[in-house]
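A quick write-up on the structure given underneath.
Every number in this text was worked out from the coordinates using simple rules, so none of it is lab data. Being a predicted model, the structure only gives us computed values, none of them experimental. Cβ: placed from backbone, ideal geometry, glycine included. Neighbour counts: every protein chain shown.
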Amino acid sequence: MQPFTTLTAIAVPMHEANIDTNQLCPTRFNKVPRGPKYREILFYDSRFRPDGTQTEFMLNASPYDQSGVIVADRNFGCGSSRETAVYALYEFGIRCVIAPSFGDIFAANCAKNGLLALTLPEEECAAIRRQLQDKPGAKVSVDLAAQTVTDVAGKVHKFEIHEVRKRCLLEGLDDIARTQQYAERIAGFEKGYYKDRPWLGAAARQS
Amino acid sequence: MSPQSIFEKLWNSHHILTDEGESLMYVDVALAQENTLHAFTALEKAKRKVLHPQQIYAFTDHYVPTTGRAKGPAGIPDAGIRNMVIDMQDMAKKYGVTLFGMAHRDQGIMHIVPPEQGIIQPGLFVIGNDSHTSTHGAFGCLAYGVGASEFAHVMATQALWQRKPKAMRITIDGKLGFGVSAKDVILALIAKIGVDGATGYAMEYAGSTIAALSMEGRMTICNMSIEAGGRVGLIAPDDKTYAYVEGRQYAPKGKAWQQALDGWRALATDAGATFDKEVTLDAASIAPTATWGVNPSQALPVTGVVPDPAGIKDPQQRSEYETALEYMALRPGMGLQDIKLDRVFIGSCTNGRIEDLRAAAEVAKHGRAVVPTWVVPGSMSVMRQAEAEGLDKIFIKAGFEWRDPGCSMCTAINGDYLQPGERCASTSNRNFRNRQGPGGRTHLVSPAMAAAAAIKGHLTDVREILK
């Protein structure tokens, strides 16, 4: 996994709440193997007409075709658990989404793919979106170690993030390797778990 | 010991260890579908093994066609779709996980087959590579939807890192009115608390209304927890739960069954347990419901009218309503029952069970479909049961199309989808833009309401037909 440390990038404001993963990656593209094709898939049904021509959707044109950050409203990434929504953001070049809240599964998927889903209060997100609206193509900066976002006006916003999520993103850590250090503890737990629950497992189905 | 909720009991019984403020949780059962190929591919790339293949179950449901299946996967016309089914089946065989493939006599949807098979039992931690995994909470399980990376993690380690969600109890009391079903209950709840009303919470449904529901109804409720943002939705097991599980393929037998019952009976929430949030809903206030907008919270009693954004003070909500009405091509103030339909879909992990088909058939007896109407059973087992009861004949006589099991037009990835601009009354779970096909418009309803819509050609109060 690509580590996430700091980022200064063009930020695109998205004012609509509840942008679901179906919009980020329309279902019919879930079968596409992970790779650069996902750049085109992001928001496909908003960006392209049925005949394949481009719409006016902002990600299609400069400066937002170079976006690295989305500043959104609440409940971004709600709905389906599809990780392809994160692949699409990532391949487009989005490394960070700032929103007042996220769909739970989406936020977890981001963290596993080096994408920072960070929460700021609703009014702060709205204020940054207004700045971006006034100055299309303006950049924001994110510093994960310091847990700060610097907005268009230079104002610094502090954000909260769970320690582990932060460390994994900073180091680009593979979760499975971390867990396998505990293989013995898991095996020990398992033994006790099944001893206490003799009705689980194949033998219990036989009698 | 202080009183505990069922959620706390389930959490504690699967908790292996805490590291840096995260909990490593033991997973009993993991459910895969064709899209889980992304997880298998990640495992392959990292040269990792599946630790306990006997605890992983794979289903072909999202991509399978719902008609013309005689030739099996090889007969699927679209190469992209065909390969998803074939590749998943191959991967399942390669890693030795249990496969309910396209040719399996019990093939069906990943949230319908596992309870039918007795794979789902009270007290388990179930994860699935699908957001509607919360369905299995209906059995008193901790059941989470996860993405491909977390699924791969579970396959490699049989464990999952989690932070404990807060606990919410939704108490629903009273008797449901005539023509009102579990689907109406969950739509009414989501309309009340919003699509992010339960984000960060594990939801427990309780109260006399829930107790009176069948297992099928309870599954419908838990299934849609994610549509309120809750990753977990659960119901304490009771005698109805045990009666449902008993005797099924994977259920404990003989002495083990008695041991299981003793264990399961201790799961229910203790009197005096506390919750971070409590919500109540009066069953008597719930009417047959339909959505008018582009998320499941935009729902109203079918006797209502399309809301007028101009009357809404909050600018954010006003703009949400405007966007929704524009996409749905609806006029403010028009009656929901004046909304004309092009299609009707009955099926999905939300409403593709036998009780759902019985409810739809009861209404189908009263007329004939005036728009194309599909009935897609949730599994082969549901299909056999329905045919044994003659429901297929009722549907066919009413001009409904009786199809083979799968996710079909709920997720619209197997080739079943709406044409741009088409409007559908659907028993599925999401009315998101483009969900049932690019440009498609969805109105979520119960199975009885969907059948009523089919024979009238517009959204219809099912009580008018059944009275």
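What's the magnitude of the charge dipole for chain A around its Cα centre, counting Lys and Arg as +1 and Asp and Glu as -1 at the beta-carbon? Answer in Debye, nearest 20.
So the dipole magnitude of chain A works out to roughly 580 debye.
May I ask you to list the lysines whose Cα is less than 26 Å away from that of B:K164, ignoring any residue fewer than eight positions away on the same chain?
Counting by Cα, and skipping residues close in sequence, B:K164 has these lysines nearby: A:K112, A:K158, A:K166, A:K191, A:K195, B:K9, B:K192, B:K277.
Could you pull out the pairs from A:K31/B:K166; B:K340/B:K365; B:K47/B:K166; B:K93/B:K240; B:K175/B:K397 whose alpha carbons sit more than 29 Å apart here?
With Cα atoms farther than 29 Å apart: A:K31/B:K166; B:K47/B:K166; B:K93/B:K240; B:K175/B:K397.
What residues have an amide H closer than 5 Å to that of B:M25, excluding those fewer than 5 places away on the same chain, when H is modeled at 1.01 Å from N in the peptide plane?
Under 5 Å from the amide H of B:M25 lie the amide H atoms of B:I16, B:L160, B:W161, B:Q162, each far enough along the sequence or on another chain.
I need the shape label for segment B:244-317. Rule: rounded when a/c is under 1.5, else prolate if a/b > b/c, else oblate, with a, b, c from the alpha carbon gyration tensor.
Because a/c hits 1.5 or more and a/b exceeds b/c, segment B:244-317 counts as prolate.
Excluding B:E8 itself, what net charge comes from residues whose Cβ is under 11 Å from its Cβ, given Lys and Arg +1 and Asp and Glu -1?
Taking every other residue near B:E8 into account, the sum is 0.
If I stretch the segment between B:E389 and B:D173 completely, what's the gain in nm (0.36 nm per residue apart, minus their alpha carbon distance), one decimal?
Extra length available between B:E389 and B:D173 comes to 74.5 nm.
May I ask you to evaluate 6.51 cos²θ - 1.76 cosθ + 1.60, the Karplus curve with θ = phi - 60°, for each residue of segment B:365-370 and list the ³J(HN,Hα) values in order in whole Hz, giving x for glycine and proline?
Result, ordered by residue: 4, 8, x, 9, 4, 9 Hz.
Given points 7 Å out from each Cα along the Cα-Cβ axis, report the A:R167 to B:Q419 separation in nanometres with one decimal.
5.8 nm
Using every Cα-Cα pair within segment B:1-287, state what percent have a distance larger than 32 Å.
In whole percent, the share of Cα-Cα pairs in segment B:1-287 beyond 32 Å is 26.
With the Cα gyration tensor of segment A:6-173 giving a ≥ b ≥ c as the square roots of its eigenvalues, does the rule (a/c under 1.5 for rounded; else a/b larger than b/c for prolate; else oblate) give rounded, prolate or oblate?
Because a/c hits 1.5 or more and a/b fails to exceed b/c, segment A:6-173 counts as oblate.
Run the numbers on chain B and let me know its relative contact order in percent, using alpha-carbon pairs under 8 Å that are six or more apart.
Relative contact order for chain B comes out at 17 percent.
Report, as a whole number in µm² per second, the diffusion coefficient that Stokes-Einstein gives for segment B:276-434 at 25 °C and 0.890 mPa s using the Kirkwood radius over alpha carbon pairs.
The estimated diffusion coefficient comes to 142 µm²/s.
Report, as an integer, the average count of C-beta atoms from other chains found within 10 Å of each Cβ along B:250-258.
That works out to 5 on average.
Magnitude of the Cβ-charge dipole of segment B:63-121, K/R +1 and D/E -1, about the Cα centre, nearest 20 debye?
160 debye
Just to confirm a number: summing +1 for Lys and Arg and -1 for Asp and Glu over residues other than B:L17 whose beta-carbon lies under 13 angstrom from that of B:L17, what do you get?
Residues near B:L17 contribute -3 overall.
Amide H neighbours of B:C141 under 5 Å, at least 5 residues apart or on other chains, H built in the peptide plane: list them.
B:G123, B:I235
Taking amide H positions as placed 1.01 Å from N in the peptide plane, with prolines and chain starts having none, which residues 5 or more places from A:I161, or on another chain, fall under 5 Å of its amide H?
Excluding prolines and chain starts, which carry no amide H, there are no hits.
Rounded to the nearest 5, what % of the DSSP beta bridges within segment A:6-173 are antiparallel ones?
Among the beta bridges of segment A:6-173, antiparallel pairing accounts for roughly 50 percent.
Using label points projected 7 Å from each Cα along Cα→Cβ, tell me how many nm separate A:A153 and A:Q133, to one decimal.
Each label point is offset 7 Å from its Cα along the Cβ direction, giving 1.4 nm.
In segment B:1-287, what % of DSSP beta bridges are antiparallel (nearest 5)?
Beta bridges within segment B:1-287, antiparallel portion: roughly 20 percent.
From the backbone phi of segment A:152-161, what are the Karplus-calculated ³J(HN,Hα) couplings (6.51 cos²θ - 1.76 cosθ + 1.60, θ = phi - 60°) in whole Hz, Gly and Pro given as x?
These are the phi-based 3J(HN,Hα) values: 4, 7, x, 6, 9, 10, 8, 10, 9, 8 Hz.
Checking the a/c ratio against 1.5 first, then a/b against b/c, what shape does the Cα gyration tensor give for the protein assembly as shown?
Rounded shape, in that the Cα axes give a/c under 1.5.
Would you mind finding the longest exposed-site-free stretch of chain B, with exposed GluC sites (Glu not before Pro) meaning DSSP loop and at most 16 other Cβ atoms within 10 Å?
B:21-245
When the Karplus curve 6.51 cos²θ - 1.76 cosθ + 1.60 is applied with θ = phi - 60°, which whole-Hz ³J(HN,Hα) does each residue of segment A:25-32 get, with x for Gly and Pro?
3J(HN,Hα) across segment A:25-32, in whole Hz: 9, x, 3, 5, 8, 4, 7, 6.
To the nearest 0.05, how large is the calculated FRET efficiency for B:Y327 and A:T6 if R₀ is 30 Å and r is the Cβ-Cβ distance?
0.20
With both partners inside the protein assembly as shown, how many of the DSSP beta bridges are antiparallel, as a percent to the nearest 5?
Here the antiparallel bridges make up roughly 35 percent for the protein assembly as shown.
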